[in-house]
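Data first, discussion second: the structure below is written as structure tokens.
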Amino acid sequence: MLLSGRGSNFQAIAEARLPIEIVAVISNRPQAAGLDYARARDLPAFAFDHTEHPDREAFDALLAEEVERHRPDLVLLAGYMRILSPAFITRFEGRLMNIHPSLLPMFPGLNTHERALAEGVKIHGCTVHFVTANLDHGPIVIQAAVPVRADDTPGALSARVLAQEHCIYPQAVRWFAEGRLEINHGRVNLRGDSTSQSVLSTGM
């Protein structure tokens, strides 16, 4: 589990009673609140300050070695606020998962809620996807949509989207743990689902 801040999605996964073992929680920020939460639950928690390294590649090489030391089947980005180097992504290809606060491919990058309101979209949401070298793209596992209200603010919209993030990220992890996810030609299929499509969940 990689995080940079409070790690609310990490907390949702940790509390979801999934058939998994969280083998390490790692942050690039030593003061990240998510580390305190991990330690309070007796989970292995580690911090590596990215500012102490000369460049992204050097830090990511260290990070990759630390991740490998714990031998994870799946690496989860839970509010990890750094762009990963191509070498790191390639090393964990197919087992590196992220959640993004928009209905990708719409609004990759930052400030997604402000941009959604500025564009006047009627539906917004969040996406769990496998990570590729193309920023905020990659095979989509599951999405959740929320309606955009006429009186919405970025904060109000963000809160409703975050509630859905806390639902769909644990679901995606459960599917992975159960061996139900398969990637074919850049698309995720769900074994045992008659439609063989990624699932769209709608929240109010």
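Any read-out appearing in this document is the output of simple, stated calculations on the displayed coordinates, not a laboratory observation. Model, not experiment: these values are computed from the prediction. Neighbour counts run over all protein chains shown; Cβ positions are idealised from the backbone, glycine included.
At 7 Å along the Cα-to-beta-carbon direction for both ARG191 and ALA159, put a label point, then send me their distance in nm to one decimal.
Roughly 4.1 nm, to one decimal.
R0 = 22 Å: FRET efficiency of THR90 with GLU178, Cβ-based, nearest 0.05? Write out the running numbers ahead of the final one.
On the way: r = 26 Å, r/R0 = 1.18.
Plugging the Cβ-Cβ distance into 1/(1 + (r/R0)^6) gives 0.25.
Local charge sum around GLY125 (other residues, Cβ-Cβ under 12 Å, Lys/Arg +1, Asp/Glu -1)?
On the way: positive: LYS122, ARG160; negative: GLU165.
Net local charge, GLY125 excluded: +1.
Which shape class applies to the range 1-105: rounded if a/c is under 1.5, otherwise prolate when a/b exceeds b/c and oblate if not, where a ≥ b ≥ c are the square roots of the Cα gyration tensor eigenvalues? Could you put the intermediate results ahead of the total?
Details: a/c = 1.40, a/b = 1.21, b/c = 1.16.
The shape class here is rounded.
Points 7 angstrom from Cα along the Cβ direction at ALA61 and ARG39: gap in nanometres?
3.0
Would you list TYR80, TYR37 from fewest to most Cβ contacts within 10 Å?
Values: TYR80 24, TYR37 19.
Ranking TYR80, TYR37 by Cβ neighbours within 10 Å, fewest first, gives TYR37, TYR80.
Roughly how far apart, in whole Å, are the Cα centres of the range 134-155 and the range 96-126?
Distance between centres, Cα-based: 4 Å.
Can you work out the PRE-style zone for ALA118? Point 7 Å along Cα to Cβ, and I want the residues of the range 134-159 with backbone N under 15 Å.
So the set is 154-155.
Points 7 angstrom from Cα along the Cβ direction at THR51 and ILE83: gap in nanometres?
According to this spin-label approximation, the distance is 2.1 nm.
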